[in-house]
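Derivation of every value follows stated rules applied to the coordinates shown; laboratory data play no part. Keep in mind it's a predicted model, so treat the numbers as computed, not measured. FYI the Cβ positions are ideal-geometry reconstructions off the backbone, even for glycines, and counts take in every protein chain you see.
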Amino acid sequence: MLATLSMNGYCQYSPAPGKQLELGGRPGAAMDRAAASGAPAGGGRPEAGNHRSNARSDGMGMHSGGAIWLSDAPPMRGGGSRSGNARGGGMGGMNMGGGYGGRAMKRLWPRAGNDPQKSSFAREDAQASTEILLVTPSSTPEGEPLPAPAESHTGIAFEVPAQGYYRVYLTTRKLQGKILNVCVAKAEVANFGHGGDEEEQARGMQAPRILESAPIEIVRERQPNEKMFFQLKSGDEQPFVILQKGLPLPSARVRFVSHQGWSREAVSDEQGRVSFQVIRDYFPPWGEFQKRFKATYLVIAEANAAESGNYQGQPYTSVRYQATLSGSYQPSPSDYMSYAWGLGIGLLIFLFSGVAVYLYRRRRVKPFVEVRFDEAK
């Protein structure tokens with residue numbers, strides 16, 4: 001039976017022997033504690049009252065010195081992120097990473113941190129073991145191994161020859177004392193094109209999106225009547241399912257972090273389900289508003305289990321699990337419609353004021369009248 005937990009920077013990532021990387025983040029850093037509120041009794045979907053904001057509390061909360069997650073963009077120098085641009089795409093679609101000989105490629109970067117914009121590259125640590133699996137529309141459900149990048153800035157590259165969903169699982173394990181830390185960073189890449197093979201597209205949409213061997217994973221539930229080029233919008237309610245070995249994982253602590261760093265927490269129900277509303281956090285000046293601005297969100301799920309065993313010849317008495325999933329969202333149409341309405345109303349007011357001033361000045365103008373005086377009379 002799994003329970004919620006507190007963690008502090010235990011996830012590690014090693015890309016290759018002799019060149020190890022750690023996704024531990026800043027030492028001693030912790031995620032903000034949630035405001036105290038009860039978990040949903042007897043299961044059921046968490047309601048708004050069960051969500052937890054990023055206010056601090058002395059109660060049980062999620063902690064992490066830096067979550068492992070896979071990004072479609074590398075961090076910028078100075079700690080920023082390249083995420084957030086006018087280029088859209090499907091839900092979970094990643095930027096094209098280039099190719100060789102005309103082959104289509106995608107590229108993902110392992111990132112360290114709990115903020116979509118401020119998360120950095122990995123850092124060195126020789127104690128973590130890493131496994132990377134790629135599940136393609138044409139591969140077996142178990143996936144196929146991918147080589148880890150020799151250096152973090154090169155990212156994880158793979159070909160995308162077929163249409164459908166590609167899923168990458170980066171699993172790290174590290175023993176700390178008697179605790180085995182298991183972290184699964186997942187990315188789902190949608191690869192669809194206009195005018196492609198309709199049968200291939202249909203198979204890609206219907207293909208399973210679960211890895212039954214994953215120690216823990218987050219699955220984004222599809223929206224009703226979701227199409228190939230679906231894009232999550234600000235204001236939408238987005239449910240997620242937390243799974244362990246393909247089965248629902250209840251009582252997991254789940255945190256949603258928006259592009260600007262706003263966060264909210266909830267606890268998964270008996271079906272492993274949790275739902276978050278994507279808040280609006282894009283407020284540029286009117287002249288700079290981009291209706292296709294692509295923002296990044298990050299979902300982090302954490303739980304622990306009283307499991308014992310041996311790892312690399314060393315015994316452990318409990319296991320800490322962490323799963324991450326990133327995705328993208330765009331401004332709601334009502335956002336830029338409100339900008340358009342505001343601009344239109346402003347123009348009308350300006351025109352009305354101009355016409356009123358013109359008419360007022362016209363009425364003040366007195367017509368020329370010639371008056372002659374005959375002094376002889």
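Ordering Val371, Val299 from the fewest to the most neighbouring beta carbons within 10 Å gives Val371, Val299. Rounded to the nearest Hz, the phi-derived 3J(HN,Hα) couplings of segment 360-374 under the Karplus curve 6.51 cos²θ - 1.76 cosθ + 1.60 (θ = phi - 60°) are 4, 5, 5, 5, 7, 7, 8, x, 6, 10, 8, 10, 10, 10, 9, where x marks glycine and proline. The distance from the alpha carbon centre of segment 105-182 to that of segment 257-308 is 20 Å, rounded to a whole number.
Close amide H pairs (under 5 Å, H built 1.01 Å from N) link Lys233 with Gln330, residues at least 5 positions away or on another chain.
Using a simple spin-label model with pseudo-atoms 7 Å out from Cα toward Cβ, Gln176 and Ile210 lie 3.0 nm apart. Amide H contacts of Ser129 (H built 1.01 Å from N, in plane; Pro and chain starts excluded): Arg173 sit under 5 Å, all sequence-distant by 5 or more or on other chains. Ordered by the number of other Cβ atoms lying within 10 Å of each residue's own Cβ, fewest first, Ile279, Ile132 fall into the sequence Ile279, Ile132. Residues Phe293, Phe229, Phe158, ranked from the fewest to the most other C-beta atoms within 10 Å, line up as Phe229, Phe158, Phe293. For segment 229-238, the Karplus equation 6.51 cos²θ - 1.76 cosθ + 1.60, evaluated at θ = phi - 60°, returns couplings of 9, 4, 9, 5, 10, 4, x, 6, 8, 10 Hz by residue, with Gly and Pro reported as x.
Placing a label point 7 Å from the Cα of Glu131 along the Cα-to-Cβ direction, the residues of segment 172-186 with a backbone N closer than 20 Å are 172-176, 179-186.
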